[in-house]
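Just so it is clear, none of the values below were taken in a lab; they were calculated from the coordinates. Treat the numbers as computed from the prediction; the structure is a model and nothing was measured. Please note: Cβ atoms are built from the backbone with ideal geometry, for glycine as well, and neighbour counts cover all protein chains shown.
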Ligand code: ADP
Ligand code: MG
């Protein structure tokens, strides 16, 4: 067998597709630049390492089940002057995930809480953390189903493997007592073992309306808010502002032709 065919076969069996893709072009460049064999090998293996890191990153993003992708780059901080931008940028570096700290994004609807939670989740995926996105009601439904099917322990083992869980939209629907208990179990078991980001439209004083029980709510808040970064995101709804802007643009366009029709 020719060297080329043998090489292709070895690289396939060793599962080194990036080496297979790049070895010829890199060999030419290495020859042109008088590189040593070691330098060539190093450049070649670098391609394999980079390709694997990228595919692992993509897998982590896929497994996070984000409803859609939003990034910090798309976030307009000027739209929410009350938000501490520096704090958001610090969080994006992921130290809080390493320290197993929590984040609560609290504010009225349309101010970018879900956007920021997804963006922070994406940053964590890029940093190599295992992330999972849930809506609060989706998580509670999943907990209730697992309980019913006697696999809550298996589910707990899974959520404890996650470095970061995003729980979006806490507070829109109240939970049944069983749902509230299970959510408490979720938060209590992750306490100091993994990070959780919660987005909510409710102030802490109103959380009892969601969980129904004052003692349970206090115990839950105690665990969630110990070692926690709280970002207040109260402001004008971005959605509302954008639709106002669009309406204004539509109106302006409608008015233009009329201007031309005015006789001189
Ligand atoms: P919330 O979760 O607070 O209700 P969302 O994150 O769902 O709000 O934001 C509503 C829409 O507005 C989304 O499409 C989001 O990307 C966009 N949005 C909100 N705030 C901003 C912002 N400051 N910069 C850019 N887009 C924003
Ligand atoms: Mg939201």
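Any chance you could list the semi-axes, whole Å, largest first, of the equivalent ellipsoid that the Cα gyration tensor gives for segment 48-87, using √(5λ)? So the three semi-axes of segment 48-87 are 30, 13, 8 Å.
Give, in whole angstrom and from largest to smallest, the semi-axes √(5λ) of the equivalent ellipsoid of the chain, with λ running over the eigenvalues of the Cα gyration tensor.
43, 33, 17
The calculated P(r) of segment 128-253, using every Cα pair and 5 Å bins from 0, goes 2, 10, 18, 21, 17, 10, 7, 5, 4, 3, 2, 0, 0 in percent. Note on segment 1-94: Rg/Rh from Cα positions, Kirkwood definition for Rh, rounded to two decimals, is 1.23.
The C-alpha atoms of segment 172-242 occupy a region whose extents along the principal axes are 40, 26, 17 Å, arranged from largest to smallest. Were the residues from residue 24 through residue 158 laid out at 0.36 nm apart, the gain over their Cα-Cα distance would be 43.9 nm. Put simply, the Cα atoms of segment 68-145 extend 42, 29, 22 Å along their principal axes, the longest span coming first. With viscosity 0.890 mPa s and temperature 25 °C, the Kirkwood radius over alpha carbon pairs of segment 117-162 converts through Stokes-Einstein to a diffusion coefficient of 209 µm²/s. Only Cα sites of segment 68-203 enter the Debye sum here, all with the same form factor; the resulting log10 I(q)/I(0) across q = 0.12, 0.13 1/Å is -0.47, -0.55, listed in q order.
With contacts taken as Cα pairs under 8 Å and at least 6 residues apart, the chain reaches a relative contact order of 23 percent. Note on residue 188 and residue 252: the extension gain reaches 17.6 nm, defined as 0.36 nm multiplied by sequence separation minus the Cα-Cα distance. With R₀ set to 35 Å, the beta-carbon distance separating residue 99 from residue 215 gives a calculated FRET efficiency near 0.80. Treating r as the C-beta distance of residue 77 and residue 46 and R0 as 41 Å, the FRET efficiency rounds to 0.70.
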